[in-house]
Amino acid sequence: MTDGPYYDALETRAPAAREAALMMALPAQIARAKATSAYFGALLKDVDPAAITSRAALATLPVTRKSDLLELQPKSLPFGGLNGTAPGQMARIFMSPGPIYDPEGRRPDYWRFARALHAAGFRTGEIVHNCFSYHLTPAGSMIESGAHALGCAVVPGGVGQTDLQLRAIADIRPHGYGGTPSFLKILLDKAREEGSDISSFTKALVSGEAFFPAQRAEFKTAGIAALQCYGTADLGLVAYESPAQEGMIADEHLIIEILRPGTGDPVEEIGEVGEVVVTLLEADYPLVRFATGDLSAVLPGLSPCGRTNMRLRGWLGRADQVTKIRGMFVHPVQVAGAVKKHPAIAKARLVVERAGDSDDMILEVEVADAAALAQEQLLDDLRAATKLRGRLVLLAPGTLPADAKTIEDRRPVG
């Protein structure tokens, strides 16, 4: 790590040298997954790790989907046997919506977020105001562990308590922000309204939801250079923006494939949209061909910033119906569970739209008799299932299309 433009020399390797190093590390990772993980030991029992030395060979291995964890984990709690380190030897165990349980190992910067923070301009001796959640979900720990690896101090702001957060920012004068773009906007709006001084913010690393051009422009006007990154609770950092702002650059410690959704087959051409599938080169949670459910595409060429790794276009939607709303994943089974408690509902669909600078979650339900539906209780059940507030729209029977969708995401992508 340096205080220069690059986190380390790995970022500027010749692409052929990087690919050779990744393929050289792959057989040992497959062997490690087989030896330490009960799940991968069974899944890959007939695989010879020494033969997996190329992307073509990797593409012959089975895919494990994030959605599979909902079925796998209850059979062998908490991690479904995918872990390579015993649960009690982990540093933390998190719970994401679903529920899905995610491990954090004990090595420094387990989630590898220092690289993304460095690209966003954070340096040793600075202070990061961290507004990702510290409760059950790992996002707060992702930023904090990365900041500590950089030699930064952290204000553990979490989410909410806007007045207290503004006081802390004015007093402590942190150099930048980590969190969702929507909460950064909330802080800016509230600061303007109350006359609070948050001018110490000059940089930000945002994630957890879509980052729209209008938000980036607003932050820039406020003197904040904001970059985004893409990560998951299973994998940690997957890709990150550099100051060039031309796509997201892949992390150095994983192998990314773009597959045709629902298959194990790589897309045929660079630039073709497909599902992001990751093989993680680490010991605690040795995920092999882990399908995230997210859609993206590879950008041709190299970044103008000088980093030479693969670039992704960013988040382009979901390969399944699992949808991220206000930074939280919502699964069809959660929606169905809430709806099932209300027999007056003939059919239901959760619709997600963009309303100004925030996500709007609408539960559309077909009911023959509106009086027979406990509407407030239904919204309470939806909130309990998803941890998010939504609104209700009543429809006449036969209104919703017969396409089997439980969640329809109508937000713009790209």
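Quick note: the coordinates plus some simple rules give every number you see, no bench work behind them. Fair warning: this is a prediction, and the values are worked out from it, not measured in the lab. Note that we place each Cβ from the backbone using ideal geometry, even for glycine, and neighbour counts take in every protein chain shown.
Tabulated data
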quantity	calculated
Alpha carbon centroid spacing (whole Å) that separates segment 340-372 from segment 162-236	32 Å
Backbone N within segment 301-318 under 14 Å of label point (7 Å from T202 Cα along the Cβ vector)	none
More than 16 Å apart - percent of Cα-Cα pairs taken over segment 166-275	66 percent
Charge tally in the Cβ shell below 12 Å around F79, where Lys, Arg are +1 and Asp, Glu are -1, F79 excluded	-3
Förster radius 56 Å - calculated FRET efficiency between M23 and A346, Cβ distance, rounded to 0.05	0.55
For the chain, share of DSSP beta bridges that run antiparallel, in % to the nearest 5	60 percent
Positive-end residue of Q89, L281, A25, charge dipole of the chain with Cβ unit charges	Q89
Difference of contour (0.36 nm per residue) and Cα-Cα distance, L77 to T36	13.2 nm
Long-range tail of P(r) for segment 97-157 (Cα pairs > 14 Å, %)	54 percent
Pairwise label distance in nanometres, L164 with D8, each label 7 Å out on the Cα-Cβ vector	3.7 nm
Positive-pole candidate from G146, C131, T399, dipole of the chain, charges at beta carbon	G146
Options (i) 0.96; (ii) 1.01; (iii) 1.07 - which one matches Cα Rg over 2.2 N^0.38 Å as calculated here	(ii)
Gyration tensor verdict on segment 186-249 (Cα atoms; rounded if a/c is under 1.5, prolate if a/b is larger than b/c, oblate otherwise)	prolate
Principal axes of segment 324-409: Cα extent on each, largest first, Å	34, 25, 23
Neighbour-count order for S67, S37, fewest beta carbons within 10 angstrom listed first	S67, S37
Loop-located trypsin sites (Lys or Arg not before Pro) in segment 254-344, at most 15 other Cβ atoms within 10 Å (DSSP)	K341
Sites R106 and A384, calculated FRET efficiency, Cβ-Cβ separation with R0 45 Å, nearest 0.05	0.85
Extension gain, R354 back to Q245 (0.36 nm per residue minus Cα-Cα distance, nm)	36.9 nm
Residues with amide H under 5 Å from that of T137, placed H, sequence gap 5 or more	M95
Simple Cβ-charge dipole of segment 228-360, Lys/Arg +1 and Asp/Glu -1, about Cα centre, in debye nearest 20	680 debye
Span-rule helices in the chain, defined as complete DSSP H runs reaching 18 Å or more along the axis (Cα) with Kyte mean at least -1.0	15-36, 181-194
Under 5 Å, built H, 5+ apart or other chain: amide partners of V154	V128
Rounded to the nearest 20 debye, dipole of the chain from Cβ charges on Lys, Arg, Asp, Glu	340 debye
Over 28 Å between alpha carbons, listed pairs K45/K387; K190/K220; K190/K324; K75/K347; K66/K405; K185/K405	K45/K387; K75/K347; K185/K405
Potential extension, T263-K220 segment - 0.36 nm per residue separation minus Cα distance	11.4 nm
Segment 101-147-segment 20-55 distance, computed between alpha-carbon centres (Å)	28 Å
FRET E, pair H253, T53, Förster distance 25 Å, beta-carbon r, rounded to 0.05	0.85
